[in-house]
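Here's the structure we're looking at; comments come further down.
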Amino acid sequence: MNRLISPSILSADFNDLGKDIIMLNQSEADWIHFDVMDGVFVPNISFGLPVIQHVKKIATKPLDVHLMIINPDPFIKPFRDSGADILTVHYEVCNHLHRTIGAIRKEGMKTGVCLNPHTPVHLLEDIINELDLVLLMSVNPGFGGQKFIQNTYQKVVKLKNLIIEKKANTLIEIDGGVNFETGKLLFEAGADALVAGSFVFGSKDPMKTIKHLKKV
Ligand code: DX5
Ligand code: ZN
């Protein structure tokens, strides 16, 4: 079982993003999570390609890019060219998910699919073996600092069972409302990676919070 931490820069200090990225470089964070929002798929707009291009210049950790956008296909290569290492698209917006996942892999990125809280795990049973990662939303996407949805624990167990049944090598990542308490239960349920935004960047000592989150 992995215990990976992927801090979300959605809650970072955009007045001095470089400082926060250097902090993450020096921390025990495994990846850096980017919540890209288009204001259509989710009721919020965050940031896009230029932020990733600039962070890539100084980041020493893989860039874990979460696309909360209605039409990801035309942006696969631009995100690769901007420095994305993992590219995660939402199940809910892909009419041809198998083709989209193939296109992400062809660009040399790790493939990820994200499920909203209402989207059941079994919908992935015919594509799970193509996926490096499944991201489960434990809040309704669009904003940091929301309340954790308790059903997520059961969803992690169901997803883990599907991965085992299909002999897939897929990692389980959770996004939203992660803290020491939910993080501990999520790792125990079988999660491999935790996204944490407000809990990390809102803490007095983010490096210490990341270190502790890895060991909960
Ligand atoms: C929601 C975002 C958030 C963010 C983490 O669309 O994806 O889940 O990454 O938010 P926190 O950790 O602040 O709940
Ligand atoms: Zn995210």
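Looking at the stretch 2-22, can you tell me whether even one residue there is buried (at least 18 other Cβ atoms within 10 Å of the Cβ), in contact (Cβ under 8 Å) with a residue 40 or more places away in the chain and part of a loop (DSSP other than H, G, I, E, B)? Yes, there is a match, as at least one residue in the stretch 2-22 is buried (at least 18 other Cβ atoms within 10 Å of the Cβ), in contact (Cβ under 8 Å) with a residue 40 or more places away in the chain and part of a loop (DSSP other than H, G, I, E, B).
Anything in the stretch 27-42 that is within 20 Å of T209 (Cβ to Cβ) and either without any contact (Cβ under 8 Å) to a residue 12 or more places away in the chain or not in a strand (DSSP E or B) (or both)? List them, or say none. Show your work before the answer.
Just the residues of the stretch 27-42 that are within 20 Å of T209 (Cβ to Cβ), to begin with: 27-35.
Once the filter is applied, which keeps residues that are within 20 Å of T209 (Cβ to Cβ) and either without any contact (Cβ under 8 Å) to a residue 12 or more places away in the chain or not in a strand (DSSP E or B) (or both), the stretch 27-42 yields S27, E28, A29, D30, W31.
When the residues of the stretch 43-66 are filtered to those that are away from ligand 1 (no atom under 16 Å from the Cβ), without any contact (Cβ under 8 Å) to a residue 40 or more places away in the chain and farther than 18 Å from A196 by Cα, the one that is most open to solvent (accessible area, probe 1.4 Å) is K57. Evaluating L24 against the criteria (1) aliphatic (A, V, I, L, M); (2) away from ligand 1 (no atom under 12 Å from the Cβ); (3) under 21 Å from L131 (Cα atoms) leaves one unmet condition, (3).
Taking the criterion of being surrounded by fewer than 23 Cβ atoms within 10 Å (Cβ to Cβ) and either among the aromatic types (F, W, Y) or not in a helix (DSSP H, G or I) (or both), the residues of the stretch 188-216 that qualify are G190, D192, F201, G202, S203, K204, D205, V216. Which of the residues belonging to the stretch 144-185 are touching a helix residue (DSSP H, G or I) at 6+ places or on another chain (Cβ under 7 Å) and either within 13 Å of ligand 2 (Cβ to nearest atom) or closer than 25 Å to I21 by Cβ (or both)? Residues satisfying the conditions are G144, G145, I174, V178, N179, F180, G183.
Taking P74, is it modelled with pLDDT of 95 or more, part of a helix (DSSP H, G or I), open to solvent by 40 Å² or more (accessible area, probe 1.4 Å) and touching a helix residue (DSSP H, G or I) at 6+ places or on another chain (Cβ under 9 Å)? No; evaluated as a whole, the condition is false for this residue.
Looking only at the stretch 175-184, how many residues end up being in a helix (DSSP H, G or I) and touching a Ser or Thr at 6+ places or on another chain (Cβ under 9 Å)? Spell out how you get there, then give the answer.
Of the residues in the stretch 175-184, the ones in a helix (DSSP H, G or I) are 180-184.
Subset that is touching a Ser or Thr at 6+ places or on another chain (Cβ under 9 Å): 180, 182.
So the count comes out to 2.
Go through the stretch 109-125 and report how many residues are under 30 Å from S82 (Cα atoms) and either outside any strand (DSSP E or B) or of a type in the set (S, T, Y) (or both). Steps first, please.
The first filter runs over the stretch 109-125 and keeps only residues under 30 Å from S82 (Cα atoms), leaving 109-117, 119, 124.
Next, only the ones that are either outside any strand (DSSP E or B) or of a type in the set (S, T, Y) (or both) stay: 109, 111, 116-117, 119, 124.
The number of residues fulfilling the criteria is 6.
Can you tell me which residue is nearest to ligand 1 (Cβ to nearest atom) among those in the stretch 139-171 that are part of a loop (DSSP other than H, G, I, E, B), over 18 Å from the mean Cα position of the chain (by Cα) and basic (K, R)? Going through the qualifying residues, I end up with K166.
The values are calculated or read from the model by the stated rules, or taken from the named source; none is laboratory data. On a predicted model such as this, the values are computed, not experimentally measured, just so you know. All Cβ positions, even for glycine, are placed from backbone atoms using ideal geometry, and neighbour counts span all protein chains on display. Accessible surface is based on the protein model in full, side chains and every heavy atom, while ligands, DNA and RNA are left aside. Shrake-Rupley method; radii C 1.70, N 1.55, O 1.52, S 1.80 Å.
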